[in-house]
Amino acid sequence: MADDLGDEWWEHQPAGAASSPEISDNEERGNTDMIQQETVPVPALSKKTEQPKECFLTQPKETKEDAIKTRKRRKKKITDILAKSEPKPGIPEDLQKLIKDYYSSNRSVIELEELNLPDSCFLQANDLTHSLSSYLKEICPKWMKLRKNHTEKKSLLMLIICSSAIRALELIRSMTAFRGDSKVMKLFAKHIKVQEQVKLLEKRVVHLGVGTPGRIKELIKQDGLNLNPLKFLVFDWNWRDQKLRRMMDIPEIRKEVFELLEMGVLDLCKSGSLKLGLF
C-alpha cells in the first residue's frame, strides 16, 4: 500500500522537480530570486540623464589665443590708434616716408632716390597753433604783390589740397583774412561738373584753388589747369574727420595725392619754383 502511494505521488510531481519531496524555505526563496534576476530586465538610462551630455547650454569659454587675436584685430583699426595718440604736427619727413613706402613695392632703389624731395622745397609746417589764414600769412608774407602780378588764365598761384568737398568749403571760409579780394575757386566734384570748371579757368584769372586731388588731377588731364605758374601747394595735413583719420590716412585720397605729385608737382619742387606746406 505504501508502495502504491509512493508511485502515485511521484507520478503527480511536475517535470524538473527535486528528487526529494521536502524542499526547504531557503532553497525556494533562493530559486525565486534567481528567476527574478534572470527575467527582470536592467532599467535603461533615462533620457534625462543623457540629455546634459548632448545639449550644451553654456557658451564655450574664450581661450587666451582668441583674446590675443581680438586684441590684434582691434589694434589694426586706424580709429583706435589715432584716438589714443596725441595730435602732433606734420613734418617733411612724414611726407617723404609715405612716398617711399607707397612706391617701394614697384620701384627700384634708384627710382626711389629720384622721388626724394630736397628740404629746400618745404615750407615751415603748422605747429597746430595757427588758423589757416595765419599760417598762409606766415609762409607767404608777400601774397598781395604776387597776386597783383598774376595774370595767367587756366592757372593758380596757390593750391590747397584736402580730403573732401565739405572740408574745402570750411577752408575757404576760414581763409577770409588772408585772401582779401583774391579770386578763389572750388576744385572738387560735388555738384560741379569738370567742364564747368574748365570754362571758368579759361575765362578769368584765379589766384587760389581749394579742392580734392581727384578733381585736380582730372582738370590737369583735360588741359584745364596748368601747374607751371603754381608757387605754393599746401596739404590739409593735420585735420581729422569724424573717424579721426587725416587726409593721408585714407587709402583712396593717399593714392590720388601720389598720382598728382607725379603729374609735374615733383619736378616743379626739384626745380625750386614750387614750395610745399603742411597745414
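The values are calculated or read from the model by the stated rules, or taken from the named source; none is laboratory data. Values in this document were obtained by computation on a predicted structure and should not be read as measured data. When we count neighbours, we look across all protein chains shown, and the Cβ atoms used for this are built from the backbone with ideal geometry, even at glycine. Areas reflect the complete protein model, heavy atoms only, side chains present, ligands, DNA and RNA absent. Shrake-Rupley method; radii C 1.70, N 1.55, O 1.52, S 1.80 Å.
Three semi-axes describe the equivalent ellipsoid of the stretch 108-236; taken as square roots of 5 times the Cα gyration tensor eigenvalues and ordered largest first, they are 22, 21, 16 Å.
Accessible surface for SER271 stands near 80 Å², nearest 10, in the context of the full protein assembly shown (1.4 Å probe). Ranked by the mean number of other Cβ atoms within 10 Å of their residues, highest first, the peptides 115-121, 260-266 come out as 260-266, 115-121.
Note on VAL109 and THR129: the extension gain reaches 3.4 nm, defined as 0.36 nm multiplied by sequence separation minus the Cα-Cα distance.
Taking only protein heavy atoms and a 1.4 Å probe, the accessible area of the stretch 123-278 is 50% carbon and sulfur. Which pairs, out of LYS100/LYS153; LYS97/LYS193; LYS88/LYS148; LYS142/LYS270, put more than 30 Å between their alpha-carbon atoms? Going by Cα-Cα distance, LYS100/LYS153; LYS97/LYS193; LYS88/LYS148 fall outside the 30 Å limit. Stretched out straight at 0.36 nm per residue, the stretch from GLU202 to LYS190 would grow longer than its current Cα-Cα span by 2.3 nm. Taking one quarter of the surface of the C-alpha convex hull of the stretch 104-171 gives a mean projected area of 7.8 nm². Applying both filters, DSSP loop and at most 11 other Cβ atoms within 10 Å, to the trypsin sites (Lys or Arg not before Pro) of the stretch 89-152 gives LYS142.
For the stretch 181-252, the solvent-accessible area of protein heavy atoms averages 49 Å² per residue (probe radius 1.4 Å; ligands and nucleic acids excluded).
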